[in-house]
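See structure below.
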Amino acid sequence: QVQLVESGGGLVQPGGSLRLSCAASGFTASSYAMKWYRQAPGKQRELVADMASAAGSPNYADFVKGRFTISRDNAKNMMWLQMNSLKPEDTAVYFCNAKRYAGGGRWTDYWGLGTQVTVSS
């Protein structure tokens, strides 16, 4: 059974830090690009950061550059998002995503259920 399970969310004050984790099971995450998305109330889901299946460079949305760090351990089927200098506008549900091209114009796309991050004083 394919699963992506996020954890580590919570309530934090502005300027604080959180570390989100994503545990993958039921598939070999090393062959997938791994991504973090977020969705704030009333807004569309947006890409926060991603890292290709190979040992490539991470990519970040402009609004988190310099504050968030994505990392992954393929041997453990794990991914993390270290979030520093959090702002109230970072409040959202954060989702873990695994994606790879399946051929024939199709993509394999897995999602977790998300973890709530609330930044508030």
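The values are calculated or read from the model by the stated rules, or taken from the named source; none is laboratory data. Since the structure is predicted, the reported quantities are computational estimates derived from the model, not experimental observations. Note that we place each Cβ from the backbone using ideal geometry, even for glycine, and neighbour counts take in every protein chain shown. Side chains are part of the model used for accessible areas, which takes the heavy atoms of the whole protein and leaves out ligands, DNA and RNA. Shrake-Rupley method; radii C 1.70, N 1.55, O 1.52, S 1.80 Å.
Quick look at the numbers
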{"quantity": "Residue 68 long-range amide H proximity, modeled H, under 5 Å", "calculated": "84"}
{"quantity": "Max mean-square fluctuation residue, GNM over the chain, Cα-Cα springs under 10 Å, options 19, 106, 72", "calculated": "106"}
{"quantity": "Mean Cα-pair separation over length for the stretch 22-65, i.e. relative contact order, pairs under 8 Å, 6 or more apart, %", "calculated": "30 percent"}
{"quantity": "Taking the stretch 1-116 and dividing mean pair separation by its residue count, relative contact order in percent (alpha carbons under 8 Å, at least six apart)", "calculated": "34 percent"}
{"quantity": "Å² per residue, accessible surface of the chain at 1.4 Å", "calculated": "53 Å²"}
{"quantity": "Sulfur and carbon atoms: percent of accessible area, the chain [1.4 Å]", "calculated": "48 percent"}
{"quantity": "Prolate/oblate/rounded label for the stretch 45-103 (Cα gyration tensor, a/c 1.5)", "calculated": "prolate"}
{"quantity": "Span from the the stretch 1-55 Cα centroid across to the the stretch 86-121 one, whole angstrom", "calculated": "5 Å"}
{"quantity": "Net charge dipole size for the chain [Lys, Arg +1 and Asp, Glu -1 on Cβ; Debye, nearest 20]", "calculated": "120 debye"}
{"quantity": "Of 108, 69, 28, the one that fluctuates the most in a GNM where the chain has Cα springs shorter than 10 Å", "calculated": "108"}
{"quantity": "Residue-span extension gain [residue 106 to residue 11] - 0.36 nm each, minus C-alpha spacing", "calculated": "30.4 nm"}
{"quantity": "Point-to-point label distance, residue 28-residue 59, nm (Cα→Cβ direction, 7 Å offset)", "calculated": "2.4 nm"}
{"quantity": "Relative contact order %, the stretch 62-121, counting alpha carbon pairs below 8 Å whose residues are six or more apart", "calculated": "28 percent"}
{"quantity": "R0 of 25 Å, Cβ-Cβ distance residue 99-residue 71: FRET efficiency to nearest 0.05", "calculated": "0.90"}
{"quantity": "Cα-only Debye scattering, the chain: base-10 log of I(q)/I(0) at q = 0.15, 0.16, 0.19, 0.20 Å⁻¹", "calculated": "-0.63, -0.71, -0.99, -1.08"}
{"quantity": "Those aspartates and glutamates that a straight Cα-Cα span of less than 14 Å connects to residue 43, excepting residues fewer than 8 apart in one chain", "calculated": "89, 90"}
{"quantity": "All lysines inside 17 Å of residue 99 as judged from Cα atoms, apart from same-chain residues fewer than 8 positions distant", "calculated": "35"}
{"quantity": "Inter-label distance, nm, simple model (7 Å from Cα along the C-beta direction), residue 78/residue 3", "calculated": "1.6 nm"}
{"quantity": "Residue of 60, 101, 32 that the Gaussian network model of the chain assigns the largest fluctuation, springs spanning Cα pairs under 10 Å", "calculated": "101"}
